[in-house]
1. Could you please give the count of residues in segment 144-203 that are hydroxyl-bearing (Ser, Thr, Tyr), at pLDDT 80 or above and in the same structural domain as Asp104 (by TED's automatic domain parsing)?
2. Considering each residue of segment 20-52, count those that are outside any helix (DSSP H, G or I), in contact (Cβ under 8 Å) with a residue 40 or more places away in the chain and more than 19 Å from His66 (Cα to Cα), and give that number.
3. Return the residue satisfying two criteria in turn: it lies in segment 53-97 and is part of a strand (DSSP E or B) and within 10 Å of the chain's Cα centre (by Cα), and of such residues it is surrounded by the most Cβ atoms within 10 Å (Cβ to Cβ).
4. Among the residues of segment 87-99, which ones are within 12 Å of Ala110 (Cβ to Cβ) and without any contact (Cβ under 8 Å) to a residue 60 or more places away in the chain?
5. Working only within segment 98-114, note down all residues that are out of contact with any strand residue (DSSP E or B) (no Cβ under 7 Å at 6 or more places or on another chain) and part of a loop (DSSP other than H, G, I, E, B).
6. So which residues in segment 102-133 are crowded, with 20+ Cβ neighbours inside 10 Å, more than 12 Å from the chain's Cα centre (by Cα) and not small (Gly, Ala, Ser), if there are any at all?
Amino acid sequence: MQSVSTPKPAAPETPKVNVFVTQTTSEEVGRIVEQLQRMPGLCVAGTATTSEGLDRMIASSTVPMHLLITDVVLGDADVTPVIARAKKLWPDLDVLVYTSHAQDSIVIRAILAGAMGYLLKGDQEDFATSLRLLQGGGSPVSPTVARSVLRAVHNRTVRATPKKVGTPGETGDLSSRETEILTLLAKGMSFAEVGQILSISTHTVTAHVKKIYRKLQVHSRGEAVYEAQCLGLLSGRGPGARL
């Protein structure tokens, strides 16, 4: 009796991971895409080099967004509001920030917007390990960035420690003028530029900033902006805001 061999059923294909890449230059995008194309299971579904381009890509994507590799600043535009919109549309989206910006305030804004990984350029040029960690539920983070996060947590913990009640005016909400000044500083303006816009002297701006630092119990512009945002004292910054 002749035996008949039954072909084994083909193994189901592993679903592709749709990856979107945004960097400041097409050369940077190309280098990342080249690495991604060597990694099985990944499909580069879109690229952009501007915040507006990323916004359009998110709004018009015909495939689910699984992974976004992006700089946190494109040109002079803060990308964190766009990241937040992408996360709202695609809640399961993994966002990996790949940037040269390591300022505490920028790092924290990106994390609050939904970034699950934050790598500094030069620290990690091979994405394979980082992407495996990200897709496995981990968070690839450069050591310098980890220090920024720990410092921010420490500062908030210290500020949350009960202190003696100060004299009136030493603590409390910001005045409308102080909020105006801090909002302009958050957009990257100098004290002189703030003074010109508000028709006050640079000396007056400096005096207001000292009061802002005292009220928020901080010691730098970045800390003041971060603390004010956490407290809901500043309105959201638009994509075109300068850093």
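The values are calculated or read from the model by the stated rules, or taken from the named source; none is laboratory data. Please read all numbers here as calculations on a predicted model, not as lab measurements. All Cβ positions, even for glycine, are placed from backbone atoms using ideal geometry, and neighbour counts span all protein chains on display.
1. Filtering segment 144-203 down to residues hydroxyl-bearing (Ser, Thr, Tyr) leaves 144, 148, 157, 161, 167, 171, 175-176, 179, 183, 190, 199, 201-202.
Remaining after also requiring at pLDDT 80 or above: 144, 175-176, 179, 183, 190, 199, 201-202.
This time we only want the ones that are in the same structural domain as Asp104 (by TED's automatic domain parsing), so: 144.
Residues that pass the stated criteria total 1.
2. 1
3. At the first step, the residues of segment 53-97 found to be part of a strand (DSSP E or B) are 67-70, 73-74, 77-78, 94-97.
Then drop every residue that is not within 10 Å of the chain's Cα centre (by Cα), which leaves 70, 73, 78, 95-97.
Working: Thr70: 25, Val73: 20, Asp78: 26, Val95: 27, Leu96: 23, Val97: 29.
Result: Val97.
4. Kept after step one, since they are within 12 Å of Ala110 (Cβ to Cβ), are these residues of segment 87-99: 87, 95-99.
Listed by number, the residues that qualify are Lys87, Val95, Leu96, Val97, Thr99.
5. Of everything in segment 98-114, just one residue is out of contact with any strand residue (DSSP E or B) (no Cβ under 7 Å at 6 or more places or on another chain) and part of a loop (DSSP other than H, G, I, E, B), namely Gln103.
6. Hits for segment 102-133 are Phe127, Leu131.
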